[in-house]
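Below: the structure, in structure tokens.
Read-outs: derived from the displayed coordinates by stated rules, not from any lab. In this text the structure is predicted, and so the values were computed from the model without any measurement. Glycine gets a Cβ as well: all are built from the backbone with ideal geometry, and neighbour counts include every protein chain shown.
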Amino acid sequence: MTSAFFVLIDKGRHVVETRFVRGDDALRPMSDHLLTLTIPVAVPDGSDIKLIRRGAVQCAPAAPACRLVLVPANQVTSVN
């Protein structure tokens, strides 16, 4: 199963907001889990910026957990 999400990351590298974009509706509840993540992104010291990243949540039946794979920013061509 795979679904696309947008995640909003704050200066502390925490996911503070999520948005389900499309994919398997069974993964919609992953939004709550995504809010518990810390994402290793480069944020300038002293900055108050927030980053929007698109990612794919992938869950395989045989895997012990799902994973979030961030899409490189230069490959995001639409918001849906």
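Which of the following values of Rg and Dmax of the Cα atoms in Å was calculated from the structure shown: (1) 23.5, 78; (2) 12.9, 39; (3) 12.9, 43?
(3)
Tell me which of 29, 69, 49 sits at the most positive position along the dipole axis of the chain, charges placed on C-beta atoms (Lys, Arg +1; Asp, Glu -1).
69
Under a point-charge model restricted to the Cβ atoms of Lys and Arg (+1) and Asp and Glu (-1), what is the dipole moment magnitude of the chain relative to its Cα centre, in debye to the nearest 20? The partial results should precede the final answer.
Values: 9 positive and 7 negative charges, 30 e Å.
For the chain, the charge dipole is close to 140 debye.
Please sort 42-55, 3-16, 22-35 by packing, taking for each peptide the average over its residues of neighbouring beta carbons within 10 angstrom, highest first. Could you put the intermediate results ahead of the total?
Working: 42-55: 11.7, 3-16: 16.8, 22-35: 14.1.
Going by the mean number of other Cβ atoms within 10 Å, highest first, we get 3-16, 22-35, 42-55.
Below 8 Å between Cα atoms, with a sequence gap of 6+, how large is the relative contact order for the chain in percent?
33
What is the sum of charges around residue 69, taking Lys and Arg as +1, Asp and Glu as -1, for the other residues whose C-beta is under 13 Å from the C-beta of residue 69? Could you put the intermediate results ahead of the total?
Values: positive: 53, 54, 67; negative: none.
In short, +3.
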